[in-house]
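Here's the structure, in structure tokens; my notes come after.
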Amino acid sequence: MVLNITNETLILDAVNGFPVQAGDLKEGEAVYVYTANFMTMSLPPHATAILILGNIPADYAVPQFYEIYNVTPQAMIAIYPPPALTWTEVTATDGTTLKITDDAELVRYQSEDEVRLEDLLPGTRVLVWSDAQGQPEKVLVFPNEYRGYLTVSEEGTVSVNGGVVAQNVKTTEDGDTL
């Protein structure tokens, strides 16, 4: 397989999530590569690398890379201002569900800005280190590349960025929302 590396390709250390220069990767070194969801059908196939993880120690559990598809925050009592979340459950585009608690270390990629569980929105990409039980213990949060997100509930409510914009929308027999 031929991997295309662009200016947007992230090359990170698998242990700490810090940037690594492509020239620092050694020939024969094991790397994990996350690619775009498409590749050519040529021989050899070509794909574009989104993330490359290098400097992987032997017998090391490599962090997993996800794009958040859906977020289910904990139910909060109706008080103002609302208290900070203590956990949130995210579903990734590959169907993986993660319950991220406030015990996890949340780190914003290449920034000192604080990250909160409320910042985990659909479209956000994250790199997740988990403990032996599969519970996220460190989450590296990348800048969200989208301006917003749209959701349609089973009840027919359409929301943009979490705010309701339409209710009782109609669906076809095939399940398409009108």
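Just the residues that are open to solvent by 70 Å² or more (accessible area, probe 1.4 Å) and closer than 21 Å to Asp94 by Cα, please, taken from region 14-40.
Tyr32, Asn37, Phe38, Met39
For region 126-178, name all the residues that are of a type in the set (A, V, I, L, M) and more than 28 Å from Gln110 (Cβ to Cβ). So that I can check it myself, show each step before the final result.
Initial filter on region 126-178 (of a type in the set (A, V, I, L, M)): 126-128, 132, 139-141, 150, 152, 158, 160, 164-166, 169, 178.
Residues satisfying the conditions are Ala132, Leu150, Val152, Val158, Val160, Val164, Val165, Ala166, Val169, Leu178.
Residues that are under 14 Å from the mean Cα position of the chain (by Cα) and either in contact (Cβ under 8 Å) with a residue 12 or more places away in the chain or surrounded by fewer than 16 Cβ atoms within 10 Å (Cβ to Cβ) (or both), at least 1 per element: which strands (runs of 3 or more DSSP E) completely within region 101-169 meet that? Explain how you work it out, then say what you get.
Details: elements: 105-108, 125-130, 136-141, 150-152, 158-160, 163-166.
Fully inside region 101-169 and qualifying: 105-108, 125-130, 136-141.
Could you tell me which residue of region 57-100 is least open to solvent (accessible area, probe 1.4 Å), considering only residues that are among the hydrophobic types (A, V, I, L, M, F, W, C) and modelled with pLDDT under 85? Spell out the reasoning first.
Of region 57-100, the ones among the hydrophobic types (A, V, I, L, M, F, W, C) are 58, 61-62, 65, 68, 71, 75-79, 84-85, 87, 90, 92, 98, 100.
Those left that are additionally modelled with pLDDT under 85: 75-79, 84-85.
Details: Ala75: 95, Met76: 72, Ile77: 120, Ala78: 110, Ile79: 87, Ala84: 72, Leu85: 25 Å².
Only one residue fits best here, namely Leu85.
Residue-by-condition table, conditions (1) within 30 Å of Gly162 (Cβ to Cβ); (2) under 22 Å from the mean Cα position of the chain (by Cα); (3) among the β-branched types (Val, Ile, Thr):
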site: Val15; (1), (2), (3): no, yes, yes
site: Val31; (1), (2), (3): no, yes, yes
site: Tyr34; (1), (2), (3): yes, yes, no
site: Met39; (1), (2), (3): no, yes, no
site: Gly54; (1), (2), (3): no, yes, no
site: Ala58; (1), (2), (3): no, no, no
site: Tyr69; (1), (2), (3): yes, yes, no
site: Pro83; (1), (2), (3): yes, no, no
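The values are calculated or read from the model by the stated rules, or taken from the named source; none is laboratory data. Here the structure is a predicted model, which is why all the values come from computation and not from measurement. Neighbour counts run over all protein chains shown; Cβ positions are idealised from the backbone, glycine included. SASA here: full protein model, heavy atoms, side chains in, ligands and nucleic acids out. Shrake-Rupley method; radii C 1.70, N 1.55, O 1.52, S 1.80 Å.
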